[in-house]
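Colleague: Following this message is one structure expressed as structure tokens.
The values are calculated or read from the model by the stated rules, or taken from the named source; none is laboratory data. Note that the structure is a prediction, hence the values are computed from the model and not measured. Cβ placement follows ideal geometry from the backbone for every residue including glycine, while neighbour counts extend to all protein chains displayed. Side chains are part of the model used for accessible areas, which takes the heavy atoms of the whole protein and leaves out ligands, DNA and RNA. Shrake-Rupley method; radii C 1.70, N 1.55, O 1.52, S 1.80 Å.
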Amino acid sequence: MTTKDPVRIAPADGKLGVLLPGIGAVSTTFIAGVEAVKRGLGAPIGSLTQLATVRLGKRTEGRTPLIKDFVPLAKLDDLEFGGWDIYEDSAYEAARNAAVLDPALLEQVRAPLEKIHPMEAVFDQDYVRNIRGPNLKEARTKMDKAVMLMDDIRQFQNRTGVARTVMVWCGSTEVFHRPSAVHETLKTFEAGLASNDPEIAPSQIYAYAALKMGIPYANGAPNLTTDTAALLELARETNLPICGKDFKTGQTFMKTLIAPGLKARMLGMSGWFSTNILGNRDGEVLEDPGSFKSKEETKLSVLDQILQPELYPQLYSDVFHSVKINYYPPRGDSKEGWDNIDIFGWLGYPMQIKINFLCRDSILAAPLVLDLVLFLDLAHRAGMRGIQEWLSFYFKAPMHAPNIYPEHDIFIQLMKLKNTLRWMRGEDLITHLGLEYYD
């Protein structure tokens with residue numbers, strides 16, 4: 001396929017505001033990391049926008065520019081940070097408390113982090129039960145809180161002088177909820193905000209405020225947020241790109257690497273047992289069964305969609321898939337994920353794969369936040385609206401059109417992402433057919 005004319009993309013002039021609900025381990029690791037990279041104190045490892053290339057044309061042409069040189073992305077020097085949290089700690093204090101980054105490195109970026117003080121958060125104890133903080137908005141209705149968030153956004157924009165803004169949810173996992181009547185249309189949702197409908201979660205209030213203010217929104221948690229009819233309607237109405245949900249960092253990242261390979265070789269599977277231990281705030285929140293249910297749903301959905309048991313019943317119709325998360329404070333942000341995979345091959349003979357992934361959750365998440373900020377801003381300047389399925393690469397439970405299934409295979413996701421960039425610039429899409437080399 002060839003797109004003759006490139007998509008018209010507005011230039012990335014001026015500063016880009018980055019608003020983050022949740023100034024915790026992920027947010028502070030991201031902000032401190034950007035400041036460290038700007039000062040030459042570290043490399044943006046894990047970020048496609050900063051390090052990856054994109055092949056253009058035939059393999060014989062040798063055209064493989066960096067993505068950041070191929071599409072007009074905002075520069076790291078142009079990013080301005082702000083956000084909300086239920087705790088009053090500055091970004092520097094929050095980073096020290098999270099204990100993800102080395103204190104010596106944090107001291108070198110202390111000045112910009114100390115300037116970031118979280119705004120009062122919209123919070124509901126019914127949605128996040130295991131943590132409490134004093135830095136909260138008080139208002140009569142949820143609509144009043146949404147208006148207060150919009151005022152926060154205006155003040156941030158005026159104070160920093162940003163030309164554009166993006167919002168990425170980096171807050172806690174809310175309890176599991178399914179869409180209800182209040183989520184059916186934008187009209188019912190706004191009425192629900194005014195009447196304090198209990199089915200409207202804090203993350204939905206943030207997303208509503210962002211979209212009303214003309215700001216693209218990414219959902220980094222498994223919360224029911226922009227994947228509701230009401231907020232999808234608002235995104236289309238305001239011509240804004242949205243994406244989500246739940247950053248794909250540790251154990252699920254491994255699943256989207258390994259499961260496609262097993263399926264590609266037509267190897268069967270009888271079970272996949274996963275358990276995790278982690279000790280950060282995320283682990284504490286996920287001790288609550290309601291919040292764990294939200295996380296479990298996104299973690300469990302991956303295998304079924306990749307393996308397609310309805311197409312391959314002989315191989316995958318009876319897979320036992322279990323996911324456990326255990327709060328273990330001594331481990332802090334250094335999560336450990338154990339996986340036992342029972343597979344079978346030729347003539348049904350059984351085999352096993354065992355994985356022990358000692359990862360750092362926020363270190364894996366930070367570059368994802370950076371890429372989503374820059375790509376969402378790019379999509380907005382390119383006039384793209386609604387669900388950005390080409391950003392599925394970054395999520396456990398990618399948003400998708402209601403009439404299709406989500407694509408979880410990380411290699412297909414990467415192909416889709418890079419083909420979207422090629423399409424934007426009027427380059428041939430890469431099919432990997434390769435027959436032209438042998439004619």
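Colleague: Quantify, in whole percent, the carbon and sulfur part of the accessible surface of segment 151-272 (1.4 Å probe; protein heavy atoms only).
Modeller: Carbon plus sulfur share of accessible area: 51 percent.
Colleague: Select from 171, 332, 42 the residue whose mean-square fluctuation is largest in a Gaussian network model of the chain (Cα-Cα springs shorter than 10 Å).
Modeller: Fluctuation is largest for 42.
Colleague: Right, next: Run the quick spin-label model on residue 414 and residue 138: label points 7 Å from Cα toward the beta carbon, then report their separation in nm to one decimal.
Modeller: Placing both labels 7 Å along Cα→Cβ, they lie 5.2 nm apart.
Colleague: For segment 324-439, what % of the accessible area comes from carbon and sulfur atoms, probe 1.4 Å?
Modeller: Working: 3360 of 5720 Å².
The nonpolar share, carbon plus sulfur, comes to 59 percent.
Colleague: Kindly rank 72-83, 233-244 from highest to lowest mean number of other beta carbons found within 10 Å of each residue.
Modeller: 233-244, 72-83
Colleague: Oh, and also: Once you place label points 7 Å from the Cα toward the Cβ at residue 342 and residue 305, how far apart are they in nm?
Modeller: The modelled label-to-label distance comes out at 2.7 nm.
Colleague: Shape verdict for segment 324-439, please, from the Cα gyration tensor: rounded (a/c under 1.5), prolate (a/b greater than b/c) or oblate.
Modeller: In terms of gyration-tensor shape, oblate.
Colleague: For a quick check, take a GNM of the chain with Cα springs below 10 Å and name the residue from 366, 201, 52 with the largest mean-square fluctuation.
Modeller: 52
Colleague: Could you rank the peptides 374-382, 135-143 by their average count of other C-beta atoms within 10 Å per residue, with the highest value first?
Modeller: 374-382, 135-143
Colleague: I'd like to check one number: the per residue accessible area of segment 78-202, probe 1.4 Å, reported in Å² as a whole number.
Modeller: Values: 5880 Å² over 125 residues.
Roughly 47 Å² per residue, with all protein chains present.
Colleague: How high is the FRET efficiency between residue 45 and residue 13 when r is their beta carbon distance and R₀ equals 25 Å, given to the nearest 0.05?
Modeller: Details: r = 28 Å, r/R0 = 1.14.
It comes to 0.30.
Colleague: Also, I was wondering about something else. Keeping every protein chain present and rolling a 1.4 Å probe, give me the accessible area per residue for segment 375-439 in Å².
Modeller: Heavy-atom accessible area per residue stands at 47 Å².
Colleague: Return the calculated 222 nm mean residue ellipticity for the chain, to the nearest 500 deg cm²/dmol, obtained by summing -39500 (n - 2.57) across DSSP H runs with n ≥ 4 and dividing by the residue count.
Modeller: -11500 deg cm²/dmol
Colleague: Using a 7 Å offset from the Cα along the Cα-to-Cβ direction at both residue 438 and residue 275, what is the distance between the two label points in nm, to one decimal?
Modeller: So the two model labels end up 4.9 nm from each other.
Colleague: Can you pull the percent of segment 10-137's accessible area that's carbon plus sulfur, 1.4 Å probe, other chains left in place?
Modeller: Details: 2780 of 5650 Å².
Its accessible area is 49 percent carbon and sulfur atoms.
Colleague: Measuring with a 1.4 Å probe in the full set of protein chains, what accessible area per residue, in whole Å², belongs to segment 294-364?
Modeller: Accessible area per residue: 58 Å².
Colleague: Using a Gaussian network model of the chain with C-alpha springs under 10 Å, which one of 153, 387, 131 is most mobile by mean-square fluctuation?
Modeller: Evaluated over the chain, the most mobile residue of the options is 131.
Colleague: Could you tell me the extents of the chain's C-alpha atoms along the three principal axes, largest first, rounded to whole Å?
Modeller: 65, 51, 49
Colleague: Need one number for segment 174-332: average projected area of the convex hull over its C-alpha atoms, nm². Before the final figure, lay out each step's value.
Modeller: Working: hull surface 44.4 nm².
Its average projected convex-hull area is 11.1 nm².
Colleague: Using only C-alpha atoms and all pairs of different ones, pull out the Kirkwood radius for segment 23-152 in Å with one decimal.
Modeller: The Cα-based Kirkwood calculation yields 17.3 Å.
Colleague: Given charges of +1 on the Cβ of Lys and Arg and -1 on the Cβ of Asp and Glu, with all other atoms neutral, how large is the dipole of segment 21-105 about its Cα centre, in debye to the nearest 20?
Modeller: 780
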